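A short worksheet on the structure shown next.
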Amino acid sequence: MSSSPLASVLFVCVHNAGRSQMAAGFLSHLAGDRVEVRSAGSVPGERVNPSAVEAMREVGIDISGATPKILTTEAVRESDYVITMGCGDACPVFPGRTYLDWALEDPAGKGVDAVRPIRDEIRSRVEALIAEIDARQA
């Protein structure tokens, strides 16, 4: 078996503090080293949303060490999948990439009770993404 990942995925949201961090956490946790995971924001926040950190902790995934990062052209160019979550037209487009837009509520400013359903929807979408990546390799 090859040691290189099956695919590279970039999750992008505006602040890279909630949705994209939760998605990256789930993908890293569920796919392990089979998939290379990146996340970034068009206007990164100062820190990851504490409610997102707590919501992920509840399902056994620690994203407390993550930090928001700026979206770069290189990150998009190096990714097979670019998944946007409300970043609009800020994402550069390169041929040969798979672009998906996940319409998800922004958890900014919300408590953990409001973030849980967003987290659960992200998990479902990440699981479907893993299935798609695996199917393309079959």
Please work out the average accessible area per residue across segment 7-138, using the 1.4 Å probe convention, and give it in Å². 47
With every protein chain present, what accessible area does Phe94 have (1.4 Å probe, heavy atoms only), rounded to the nearest 10 Å²? 40
Rounded to the nearest 10, the angle in degrees between the Cα long axis of helix 19-31 and the longest principal axis of the Cα atoms of the chain comes to 50
How much of the accessible area of the chain, in percent, comes from carbon and sulfur atoms when a 1.4 Å probe is used? 50
Please state the charge dipole magnitude for the chain, taken about the Cα centre, from unit charges on C-beta atoms (+1 on K and R, -1 on D and E), reported in debye and rounded to the nearest 20. 120
Largest fluctuation, Ala103, Ala31, Ala17 only, Gaussian network model of the chain with Cα springs under 10 angstrom, belongs to Ala103
For Lys69, what is the net charge nearby, where nearby means another residue's Cβ is under 15 Å from its Cβ and Lys, Arg count +1, Asp, Glu -1? -1
Could you pull out the longest piece of the chain with no exposed loop GluC sites (Glu not before Pro) in it, calling a site exposed if DSSP puts it outside H, G, I, E, B and it has at most 14 other Cβ atoms within 10 Å? 79-138
Nearest 10 degrees, 0 to 90: what angle lies between the long axis of helix 112-137 and the longest principal axis of the chain (Cα atoms)? 0
Any idea of Asp33's accessible area? Nearest 10 Å², probe 1.4 Å. 130
Could you compute how fast the chain diffuses translationally, taking Rh as the Kirkwood radius over C-alpha pairs and applying Stokes-Einstein at 37 °C with viscosity 0.692 mPa s? Give it in µm² per second. 222
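The values are calculated or read from the model by the stated rules, or taken from the named source; none is laboratory data. Treat the numbers as computed from the prediction; the structure is a model and nothing was measured. Don't worry about glycine lacking a Cβ; one is built from the backbone with ideal geometry, like all the others, and counts go over all protein chains shown. Just so you know, the surface numbers come from the protein's heavy atoms only, side chains and all, with ligands and any DNA or RNA stripped out. Shrake-Rupley method; radii C 1.70, N 1.55, O 1.52, S 1.80 Å.
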